[in-house]
1. Looking only at helices (runs of 4 or more DSSP H) that lie completely in region 172-288, which have at least 1 residues being touching a Cys at 6+ places or on another chain (Cβ under 8 Å)?
2. Can you confirm whether VAL113 is outside any helix (DSSP H, G or I), within 18 Å of TRP155 (Cα to Cα) and either assigned by TED's automatic domain parsing to the domain that holds ALA139 or touching a residue at least 12 places away in the same chain (Cβ under 8 Å) (or both)?
3. Could you list all residues from region 58-80 that are of a type outside the set (Ser, Thr, Tyr), outside any helix (DSSP H, G or I) and either touching a residue at least 12 places away in the same chain (Cβ under 8 Å) or not assigned by TED's automatic domain parsing to the domain that holds GLU13 (or both)?
4. If you go through region 36-46 one residue at a time, do you hit one that is over 28 Å from THR152 (Cβ atoms) and of a type in the set (A, V, I, L, M, F, W, C)?
5. Within region 194-219, can you find the residues that are free of Cβ contacts under 8 Å to residues at least 40 places away in the same chain and either assigned by TED's automatic domain parsing to the domain that holds TYR241 or not basic (Lys, Arg) (or both)?
6. Take region 256-281 and flag every residue that is more than 12 Å from the chain's Cα centre (by Cα) and buried (at least 17 other Cβ atoms within 10 Å of the Cβ).
7. Working only within region 164-191, note down all residues that are closer than 20 Å to ARG210 by Cβ, buried (at least 16 other Cβ atoms within 10 Å of the Cβ) and touching a residue at least 60 places away in the same chain (Cβ under 8 Å).
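The values are calculated or read from the model by the stated rules, or taken from the named source; none is laboratory data. Model, not experiment: these values are computed from the prediction. Note that each Cβ is placed from the backbone with ideal geometry, even for glycine, and that neighbours are counted across all protein chains shown.
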Amino acid sequence: MRLININTHELGEFIGTPEDPIPPYVILSHTWGVNEVTYTEMMRPNPDTFKKEGYIKILEFASAVALRTASTNDPIEYVWVDTCCIDKSSSAELSEAINSMYRWYKNAKHCYVYLSDVGGFEPDPEDEASQAPAKDQNARMRDALENCRWMTRGWTLQELLANPQVLFFNRDWELLFRKKDWIPQLSMLLGIGRDVLTTCDPSLASVAQRMSWASRRRTTRAEDIAYCLLGIFDVSMPLLYGEGGEKAFVRLQEEIMKSSDDHSLFAWRNLDREYASCHGLLAASPAKFAMSHNVAFVDDPEDNAPFSVTNKGLSLILPLARVAGKPDLFIGLLNCRDPGPDGEPLGIYLIQLGGGQFARVDADELWIVGGGPNLQDATASAIDLPSPMQFYVRQNIRLPADYVTSDVGGFLVTEDITSPDIFLCEASPNVTWISHQGFIPILAEDGGKQEFLCYSSRADNTMGAVIIILMWDRQSQKFGVKFHYHGRWPSETSTQSRLLDKNLLQTVGPPADEFRFYVAGGHRVASADMQLGLMGRLVVIKVAIRIK
């Protein structure tokens, strides 16, 4: 661990062994500005280094520590600042530092919070002139703290929680208050329990509650929204900058599962009402936990079966209750509770995909006992009584290979056409073709469906048209594709009408994987791969059309 000597302003390195112990130090919590000092600049400063705002901040921090500890029996001679005490050019050192960060803040003698955008709190002249009741100093301080940048950053959350001796300073390094004296106000502002702030023990809160603390915080790098929470959940994991924020956050949740059976990990919600989307069980970001600040974990070893990540997805056992009239829709009961007076159990909506696979649906809602048909009421007809079931949920939802259903929502068409002049000149019947989505809906009352897609050439009017016929039958649950080519193709009537009028459907061959046809310039090949897939929550027939 590197520390700055407050007298010499030089960096020193300490191993932390009995022979080379880490001396007492004060640690800084702050928000980064545009002119911070790096490790390299601190090791080899030049005249420009000394002019940087970041360097001046370090000197003022060191002076504040010296001033406040000089009169004690144990003056402190070292400080730690994240901008320059880590060599960020070394990915290995950066990874080790981030995984150690919470412990470093916890072990510091004091943590000084520097609020660069908060000033003093003298009486407001406008309040005096208007003769309105002036806000007391605590109220003004609370308003300033609520709106300061430090309250919005991801990294500052663990810096507040790790250490009991936290002192808050304004931009002039004047002491505003100590954390221990402001527990009620901080609890109100941050939504963090007083017991957590007092004991510095985040594990007193459920996983969902801890996630909610970070739900409105931001980080400069997308992945850091996961990495800044490592200490709060007491886990470690490799840093992979470039993987993206969602992947990093999913990895964090997988690490949490290795040491926690807290079902509140799954008690997240989408903030916006969604239309027909399937999800995995793990959230994409802490923002999904914004409404989970009161979700409490139920520590019952008998009810909490282990869950883990497997190559088939997340494996878990939950009591599942089938929703009557919807054979594939279930409510999975979680072993966590909402903040109601009786602590009602929570549930999530799950859809069965087959092969032991499920997916979460209606993720903007959590099911609450008493908020709808009651699972505990054996006479309730809307929901069956729950029974435990083992199942799997992939984070990236896909249908099992053997999945069959009569509830198909439509064709979803993608195109791969190598000749830029070939285009879709008509879809028939065109009343069902949603062109900007490439989607052809199948209505619930449709017993079957045929859609005619006609492709021709902009540049070659001798090409004629190749017609791709998409077919689906609800009773047999089968789908397929046929091809037809016509050398001359007038455009005054629809493709479907022309085929019927000319009895050309009789000449259309059996379903095929591909179709070869000759036009001026050579042979062309048309193909259409078809498979069941998902468009949100909707089961669709995905059609990949290629013309080469």
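1. Values: elements: 183-190, 194-199, 207-213, 224-227, 245-259.
In region 172-288, 207-213 are the helices (runs of 4 or more DSSP H) which contain 1 or more residues that are touching a Cys at 6+ places or on another chain (Cβ under 8 Å).
2. Spelling it out, VAL113 is indeed outside any helix (DSSP H, G or I), within 18 Å of TRP155 (Cα to Cα) and either assigned by TED's automatic domain parsing to the domain that holds ALA139 or touching a residue at least 12 places away in the same chain (Cβ under 8 Å) (or both).
3. Across region 58-80, the qualifying residues are ASP74, ILE76, GLU77, VAL79, TRP80.
4. Here is the first cut: in region 36-46, the residues over 28 Å from THR152 (Cβ atoms) are 40, 43-46.
Among the residues that remain, those that are also of a type in the set (A, V, I, L, M, F, W, C) are: 43.
Looking for residues that are over 28 Å from THR152 (Cβ atoms) and of a type in the set (A, V, I, L, M, F, W, C), one finds at least one in region 36-46, hence yes.
5. Within region 194-219, ASP195, VAL196, LEU197, THR198, THR199, ASP201, SER203, LEU204, ALA205, ARG210 qualify.
6. Matches in region 256-281: ILE256, MET257, SER260, ASP261, ASP262, HIS263, SER264, LEU265, PHE266, ALA267, SER277, CYS278.
7. Hit for region 164-191 is VAL166, nothing else.
Conditions tested, residue by residue: (1) modelled with pLDDT of 85 or more; (2) in contact with a Lys or Arg (Cβ under 8 Å, 6 or more places away or on another chain); (3) surrounded by 15 or more Cβ atoms within 10 Å (Cβ to Cβ).
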site	(1), (2), (3)
ALA283	yes, no, yes
PRO301	no, no, no
THR310	yes, no, no
LYS326	no, no, no
